[in-house]
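Structure first, commentary second.
The values are calculated or read from the model by the stated rules, or taken from the named source; none is laboratory data. Keep in mind the model is a prediction, meaning the values are calculated, not measured. All Cβ positions, glycine included, derive from the backbone under ideal geometry; neighbour counts span all protein chains shown. These accessible areas exclude ligands, DNA and RNA; they are computed on the full protein's heavy atoms, side chains included. Shrake-Rupley method; radii C 1.70, N 1.55, O 1.52, S 1.80 Å.
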Amino acid sequence: MVRSKPKPSTDRAALIYRALRHAIIEQALEPGAKLPEDTIGERFGASRTIVRSALGQLAAEGLVELRRNRGASVATPSWEEARDIFDVRLGLEHLVVSRLAGNLTRDQIATLKNHVDQEEKARGNNEPLSIRLATEFHILLAEMTGSPVLTRYVSEVSSRCGLILALYSRPHSSECAVNEHRAVIAALAAGDAERAASLMDEHLESVAGRALIVAKPPKSRELKDILATYVDEKKPAGSANGAKRRGR
């Protein structure tokens with residue numbers, strides 16, 4: 001039986017979803033940034049209905065806030081909920097490493113190492129990409145469990161942690177992330193679940209420790225200029241999140 005091709009509107013919504021998600025994770029779009037449907041639609045050559053679909057998916061993940069008569073904006077997590085979000089993330093990632101320790105295939109280990117190599121390459125050269133790759137490392141681990149539920153929740157909570165850091169953190173330290181990610185891979189490959197969990201705890205606590213109460217001043221850039229970077233963005237081979245959807 002010949003499969004029908006995806007509808008162009010579906011493809012366009014997925015493209016907009018992915019581009020906005022990357023822009024949010026990379027902190028090009030900061031918490032509180034307005035996301036007018038007409039501006040986004042003009043940039044991507046899409047109707048407001050298609051844009052609304054992409055924004056709705058991001059809202060379901062907690063990355064976008066939709067307010068009646070006020071439109072959409074990048075979500076702004078409160079300081080009060082920050083610790084809860086990090087605690088939830090710790091619990092989820094404990095479950096991930098406990099399932100993966102000693103169970104990774106050679107190909108999976110190679111994929112993880114390649115991902116961290118990309119992180120190292122971006123370090124000092126492309127800070128937004130470095131931030132996103134650091135987040136996607138954790139999503140990639142969750143995907144390797146084979147659990148759509150874990151993948152969805154780790155993806156959502158990691159991205160929300162990124163919003164918290166965009167609001168309250170010291171500068172991103174990609175060097176620490178790369179070294180800590182390599183150590184986690186080594187423990188998982190060795191089948192040492194206890195060490196992998198300990199390393200992940202230390203890594204995530206160091207990430208949480210960068211959060212500060214005082215918010216950083218916003219960058220003044222036009223939405224259309226920010227999105228110009230993401231309009232023609234191609235999905236990298238073996239990326240953690242990509243167009244498959246479901247649900248730092």
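Does ALA177 satisfy the criteria of being small (Gly, Ala, Ser), more than 20 Å from GLU30 (Cβ to Cβ), modelled with pLDDT under 85 and buried (at least 23 other Cβ atoms within 10 Å of the Cβ)? For ALA177, the condition - small (Gly, Ala, Ser), more than 20 Å from GLU30 (Cβ to Cβ), modelled with pLDDT under 85 and buried (at least 23 other Cβ atoms within 10 Å of the Cβ) - is met. Report whether or not ALA59 is under 30 Å from ASN179 (Cβ atoms), under 21 Å from the mean Cα position of the chain (by Cα), open to solvent by 20 Å² or more (accessible area, probe 1.4 Å) and among the aliphatic types (A, V, I, L, M). No. Of everything in the range 109-118 that is in contact with a Leu (Cβ under 8 Å, 6 or more places away or on another chain) and not hydrophobic (A, V, I, L, M, F, W, C), the residue that is farthest from TYR153 (Cα to Cα) is GLN118.
The listed residues are ALA110, ALA101, and the only one of them that is over 18 Å from the mean Cα position of the chain (by Cα) and open to solvent by less than 30 Å² (accessible area, probe 1.4 Å) turns out to be ALA101.
Restricting to the range 104-122, name every residue that is basic (Lys, Arg) and more than 20 Å from MET200 (Cβ to Cβ). Once the filter is applied, which keeps residues that are basic (Lys, Arg) and more than 20 Å from MET200 (Cβ to Cβ), the range 104-122 yields ARG106, LYS121. Looking at the range 83-93, is at least one residue farther than 26 Å from LEU227 by Cα, part of a loop (DSSP other than H, G, I, E, B) and over 17 Å from the mean Cα position of the chain (by Cα)? Checked the range 83-93: no residue is farther than 26 Å from LEU227 by Cα, part of a loop (DSSP other than H, G, I, E, B) and over 17 Å from the mean Cα position of the chain (by Cα). The C-beta contact set for the range 81-108 (first residue on the phi > 0 side of the Ramachandran plot, second residue open to solvent by less than 60 Å² (accessible area, probe 1.4 Å), distance under 9 angstrom, 6+ apart or interchain) comprises GLY102/LEU188; GLY102/ALA189; GLY102/GLY191; GLY102/ALA193.
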